[in-house]
Structures are given as structure tokens and as C-alpha cells.
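This report concerns only the one structure given below.
The values are calculated or read from the model by the stated rules, or taken from the named source; none is laboratory data. Not measured: the values here are computed from a predicted model. Cβ sites come from the backbone with ideal geometry, for glycine too, and all protein chains shown count toward neighbours.
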Amino acid sequence: METDLSYTWEALPRLLQGATITIGVSVAAMAFSIVLGTLLTLLRTTGGRTAEIAVRGYISYVRGTPLLVQILLVFYVVPRIAFEIPPIVAGILALGLSSAAFTTEIMRGGLSAIPKTQIEAAQSLGLSSFSIWTRILLPQMFNLILPPLVNEFTLVIKGSPLISVITVVEMMRVAQQIYNENYRPFEVLLGVAIIFFVINFTLTRFAGRVERRIAVRLA
């Protein structure tokens, strides 16, 4: 069968509609990841030995299990132990919970790059722990970890097609529907690849500009 790129062109409008769901899910998952990652970092740093062991265990679980399994666990287990949630919410939770483990490690690296003398100076001035974290540590940490956070966001975007297995109609699910109709999987998936590339390329370029502006401001 010869390649016919007209099928790619015909599929693009529907794929772009699915891409809006992909982007929305990824943004929500990454926002959840940053919030949860920040809380886990605070817990790991200030919560004592037990809290550190618990966070490490969570990170080991995420690293040691496939993302697909994590998505299916959230989708099937949460309704059994808590309440029913829509598939798209389950997808956001699963992606966010998985990403939070890596975000926590990124934040730990960012904190380690901040000189401890700054904390000692703040303590000598009588600043509370809350003020030290909110005024000194967290602002610097987020400036330092912007590049790896963007990289993590691209990984979330690239992992989002897996939520199609729980019936979320994002871009990959739309692509499956299209090539089940026209029997042209190569052309349709080529369109998917192009859209993913454009999304991630645009994101990294935008993040690079923001990073340079932050560097100039801090210089």
C-alpha cells in the first residue's frame, strides 16, 4: 500500500480537537504534580526520618512500576476505596501522581544548589521557617529548576496517550478511531507525531526564552 499524505491532511482537524484534550490533561496533571511535588519536598525536608522514608518509598514505587499500570490502578482502585471519578479525572490524577515523584527529585536537586549559608543568615535574623521557605528557598528553587521542570512537562505530554486505554478521547484515541475507519494507520499516526513535535518544540522554545529572561533579571 502506497503512502498517501492526503489522509494525514484529512485527519488533522479531528486530531487537533483531540490535541486540545491532550494539552488540557497534561497542563492539569503538571500543575497537580508541582503542587504535590512541593508538598512532598517540604515533608521530606522538614518531616523527620519517617516522612523521608515514606517519600522515598513513594518515589521507588513510581520508578518501579509502568505508567500504564499506575493509570489502570487509579482508574479501577479509586472508585472501590473512595468514590467514582470520570476517566479524564483519573487520567489527570495518575499522570500527576506519577510526575510528582520525579518533580520531587528535581526540587531536591534545586534545593541542594542553594547555599546553606542563606538559611543560616535568615535564621540569625529571626525569620520563621515559613518565611525562609516562602521568601528565600522556594523562589530560588523554582528559578533553578525551570529547565528540568519543562523537560518533565514534555514527558507528561508524551505519556498522555496512555490514558486512551481508560476511554479518554484525547489525540491518540481520536487517531485510533480515524484509522479504524480509513485503515490508514501510518498516515494518521504521522499526523499525531507532527502535532506532538510541534507542541513540545514550542514549549521548549518558550521555556528557553523565559529562562534567559530570568537569568538576565538575576544577573
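Structural remarks
- Flag if Ser99 is part of a helix (DSSP H, G or I) and at pLDDT 95 or above: yes
- For the range 114-134, the candidate set comprises residues that are touching a helix residue (DSSP H, G or I) at 6+ places or on another chain (Cβ under 8 Å) and not in a helix (DSSP H, G or I); within that set, the residue that is nearest to Leu144 (Cα to Cα) is Ile114.
- Every residue from the range 40-83 that is touching a residue at least 12 places away in the same chain (Cβ under 8 Å), charged (D, E, K, R) and within 28 Å of Val165 (Cβ to Cβ): Arg63
- Tabulated pairs, the range 176-192, first within 17 Å of Ala19 (Cβ to Cβ), second buried (at least 17 other Cβ atoms within 10 Å of the Cβ) and of a type in the set (Lys, Arg), C-beta under 9 angstrom, 6+ apart or interchain: Ile178/Arg184
- For the range 107-162, filtering for residues that are more than 28 Å from Thr22 (Cβ to Cβ) and in contact with a Ser or Thr (Cβ under 6 Å, 6 or more places away or on another chain) leaves 0.
- Of the helices (runs of 4 or more DSSP H) lying entirely inside the range 135-185, those containing at least 2 residues that are within 22 Å of Arg212 (Cβ to Cβ) and within 11 Å of the chain's Cα centre (by Cα) are 146-159.
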